[in-house]
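Below is one structure, written out as structure tokens; the observations come after it.
The values are calculated or read from the model by the stated rules, or taken from the named source; none is laboratory data. Predicted, not measured: the structure shown is a model, and the values here were computed from it. All Cβ positions, even for glycine, are placed from backbone atoms using ideal geometry, and neighbour counts span all protein chains on display. Accessible surface is based on the protein model in full, side chains and every heavy atom, while ligands, DNA and RNA are left aside. Shrake-Rupley method; radii C 1.70, N 1.55, O 1.52, S 1.80 Å.
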Amino acid sequence: MYDDHDHIGTGWAFPLSTRGGGIATVSGRKLIEQSMKLILTTYPGERPMLPRFGSRLRDYVFAGTDPDTLDELAREVASSLDICEPRVVVRAVRAVPDARNPMLVNISITYARRGSKDPRTMVFPFYSLPNDPTVAQGQDTGAE
């Protein structure tokens, strides 16, 4: 059996920090999930030398949380990770509004390291403005 670090690699921790007198590094599952988060928070074109790197999640900040939009959000996440993160195979993506916070959508990403049958799940918090502006402003809607 091979070492996970050999297959996946080791990279600088993000945000950049120091550990033991040097730059902190991450490897294995932490490195993959850090990479996935960087992809999802980078807009395509922000990295001039990698123009396709990133996702268009920012396009959905004002789109609300209706079922069609949540499906589009999940497809965008799956597509972006498929293009930008070759070390994983995305098995499923679900975007679900948080029951306690109407501005939060929990994006659950089930993935496996390429060549592995060991599925993992990462939840990525995505903040959007709800369809009802009074909820976004924290106002009481009068419904009881």
- prompt: Residue-wise, which Karplus ³J(HN,Hα) couplings in Hz belong to the range 108-119, taking 6.51 cos²θ - 1.76 cosθ + 1.60, θ = phi - 60°, and x for glycine or proline?
  reply: 9, 10, 9, 9, 9, 4, 3, x, 10, 10, 9, x
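Ordering Thr18, Thr69 from largest to smallest accessible area (1.4 angstrom probe), what's the sequence?
Details: Thr18 115, Thr69 15 Å².
Of Thr18, Thr69, the descending order of accessible area is Thr18, Thr69.
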field: Cα-centre dipole for the range 55-137 with unit charges at Cβ (Lys and Arg positive, Asp and Glu negative), debye to 20
entry: 560
Charge sum, other residues only, whose C-beta stays under 12 Å from Phe14's C-beta, Lys/Arg counted +1 and Asp/Glu -1: +1
query: How do Lys30, Lys37 rank by accessible surface area computed with a 1.4 Å probe, from largest to smallest?
result: Lys30, Lys37
statement: Once all protein chains are kept in place, Thr41 shows an accessible area at probe 1.4 Å, nearest 10 Å², of 80
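At a Förster distance of 30 Å, what's the computed FRET efficiency of Glu46 paired with Leu104, Cβ-Cβ distance as r, to 0.05?
Working: r = 24 Å, r/R0 = 0.79.
The value I calculate is 0.80.
So if I take the alpha carbon set of the range 42-88, get Rg, then get Rh from the Kirkwood formula, what is the Rg over Rh ratio? Numbers along the way, then the final one.
Working: Rg = 11.7 Å, Rh = 11.4 Å.
Reported Rg/Rh, Kirkwood definition of Rh: 1.03.
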message: I'd like to know which of Pro86, Val105, Tyr127 lies farthest towards the positive end of the charge dipole of the range 70-127, counting +1 on Cβ of Lys and Arg and -1 on Cβ of Asp and Glu.
response: Pro86
In sequence order, calculated HN-Hα J values of the range 49-55 (Karplus, 6.51, -1.76, 1.60; Hz; x Gly/Pro): 7, 10, x, 8, 5, x, 9
